[in-house]
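Here is the structure we will look at.
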Amino acid sequence: MIVSTDQLFKIAYGKYAVGAYNINNMEQTLGLFQGCIDSQAPFIIQLSKGARKYADKRMLEALIRTADTMYSEAVFAVHLDHGDEETCYDCIDSGFYSSVMIDASHASFDENIAITKRVVERAHAKGISVEAELGMLGGVEEDIHVDEGHACLTNPDEAKEFVVRTGCDSLACAIGTSHGAYKFKGQQSLHFDVLEKIEALLPGFPLVMHGSSSVPQDEVKRINAAGGKLDESARGVDENEYLPAAKLGVTKVNIDTDGRLIWTRVHREFFHDKPGEFDFRPPGKIFVEEYAKFIAHKNKMLGSAGQLPSVRKELGV
Ligand code: G3H
Ligand code: 13P
Ligand code: ZN
């Protein structure tokens, strides 16, 4: 059942984080629902601009509605990931989305506020909540590449002012992560000092952590052993840091890259081991199973696993 992002945040805040997973196709959709049911977790489905272009927004909506009937126990929100103003309005007007993200983090502070405020007004009029972003993550998003030198952590005082002036419902903060497979070199950790300051200034306000894939070394090694050429020094977020971050107000954790690595590993290994094969369904089925296992594991690390019965009870569904 599709529920409001706000409702999920109210229930989870300070206790655990809700996993926000991107989907682009049927296999990811099936694996995501299966993994969340297996682990009894509420979740957020994210659709990026790129995904809406790749699969067509109508196809994605149909996939989600169908999965919802197949997995009737599931409780989840539907969210636009990294939207621009125009895409936010399209999603708000569609009536399908629980929440949208307006990402104007590349604009100046005042311009970011002005854009976010416009989106908040349109969204709130329809009962939809808004995630905004302040600070700049490194890495690659569709159309935008931010090199590490230009990434900048969120300033806690600015975060407070931004939330007050925009009326946004959650805030994506830059606390040291970046998008994609190449986040860290060696052992680095989240900037808990920054997070603590933001939480102290915005108690009870849901924070969002982007770029939260953990880039498992084993996946990278297996991809390369089957013909890939990924940089093996790639590092992601330590999964053991999800829960401490959740206790400091991180209520939504965005994960996309790890799922892409699993897709790549499964397909590379399958066709590497069976060079004469050309039916895409056997590896597709393996991917769904592997992705479901991965999602269940992530939900455990986020603390959302096992929460589904109490979420259903609190929501009265
Ligand atoms: O933050 C970006 C997400 O991983 C979505 O990526 O824009 O390539 O769909 P995408
Ligand atoms: P990753 O690239 O770490 O999976 O981050 C995904 C994300 O932040 C989507 O908005
Ligand atoms: Zn992101």
Item to check | Restricting segment 75-88 to residues that are free of Cβ contacts under 8 Å to residues at least 60 places away in the same chain and out of contact with any Phe, Trp or Tyr (no Cβ under 7 Å at 6 or more places or on another chain), the residue that is nearest to ligand 3 (Cβ to nearest atom) | outcome: Gly83
Checklist entry - Within the set of pairs 6 or more residues apart or between chains, which connect a residue that is more than 15 Å from ligand 1 (Cβ to nearest atom) inside segment 89-106 to a residue that is among the acidic types (Asp, Glu) with Cβ atoms less than 6 Å apart? => result Phe96/Glu61
Checklist outcome for this item: When every residue in segment 297-317 that is of a type in the set (A, V, I, L, M) and outside any helix (DSSP H, G or I) is compared, the one farthest from the chain's Cα centre (by Cα) is Val317
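Every residue, every condition in (1) free of Cβ contacts under 8 Å to residues at least 24 places away in the same chain; (2) in contact with a Leu (Cβ under 7 Å, 6 or more places away or on another chain); (3) surrounded by fewer than 19 Cβ atoms within 10 Å (Cβ to Cβ), yes or no:
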site: Leu207; (1), (2), (3): no, yes, no
site: Asp218; (1), (2), (3): yes, no, yes
site: Lys221; (1), (2), (3): yes, no, yes
site: Asp231; (1), (2), (3): no, no, yes
site: Ala245; (1), (2), (3): no, yes, no
Checklist entry - Among the residues of segment 274-296 satisfying the criterion of being assigned to a helix (DSSP H, G or I) and free of Cβ contacts under 8 Å to residues at least 40 places away in the same chain, which is surrounded by the fewest Cβ atoms within 10 Å (Cβ to Cβ)? => result Arg281
Next on the checklist: Regarding segment 46-59, can at least one residue be identified that is more than 14 Å from ligand 1 (Cβ to nearest atom), surrounded by 24 or more Cβ atoms within 10 Å (Cβ to Cβ) and either over 19 Å from Val317 (Cβ atoms) or within 18 Å of the chain's Cα centre (by Cα) (or both)?
Outcome noted: no
Item to check | Single match in Ser310, Ser233, Ser212 (criterion: modelled with pLDDT under 95 and hydroxyl-bearing (Ser, Thr, Tyr)) | outcome: Ser233
Checklist entry - Is one or more of the residues making up segment 201-212 part of a helix (DSSP H, G or I), under 19 Å from Lys15 (Cα atoms) and either away from ligand 2 (no atom under 14 Å from the Cβ) or touching a Phe, Trp or Tyr at 6+ places or on another chain (Cβ under 8 Å) (or both)? => result yes
Item to check | Failed item, numbered, when Leu243 is tested on (1) within 17 Å of the chain's Cα centre (by Cα); (2) in a loop (DSSP other than H, G, I, E, B) | outcome: (2)
Checklist outcome for this item: In segment 249-273, residues that are of a type in the set (Ser, Thr, Tyr) and not in a helix (DSSP H, G or I) total 1
Next on the checklist: Can you report the number of residues in segment 68-90 which are out of contact with any Ser or Thr (no Cβ under 6 Å at 6 or more places or on another chain) and closer than 14 Å to Val3 by Cα?
Outcome noted: 6
Checklist entry - Is at least one residue of segment 76-87 more than 23 Å from Phe205 (Cα to Cα) and surrounded by 24 or more Cβ atoms within 10 Å (Cβ to Cβ)? => result no
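Conditions (1) at pLDDT 80 or above; (2) surrounded by fewer than 21 Cβ atoms within 10 Å (Cβ to Cβ); (3) more than 19 Å from Val208 (Cβ to Cβ), marked per residue:
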residue	(1), (2), (3)
Glu111	yes, yes, yes
Lys117	yes, yes, no
His124	yes, yes, no
Phe162	yes, no, no
His191	yes, yes, no
Checklist entry - Within segment 30-43, how many residues turn out to be in contact with a strand residue (DSSP E or B) (Cβ under 9 Å, 6 or more places away or on another chain) and surrounded by fewer than 24 Cβ atoms within 10 Å (Cβ to Cβ)? => result 0
Item to check | Qualifying residues in segment 89-108 (those that are assigned to a helix (DSSP H, G or I) and touching a strand residue (DSSP E or B) at 6+ places or on another chain (Cβ under 8 Å)) - the one farthest from ligand 3 (Cβ to nearest atom) | outcome: Ile92
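The values are calculated or read from the model by the stated rules, or taken from the named source; none is laboratory data. Model, not experiment: these values are computed from the prediction. Cβ: placed from backbone, ideal geometry, glycine included. Neighbour counts: every protein chain shown.
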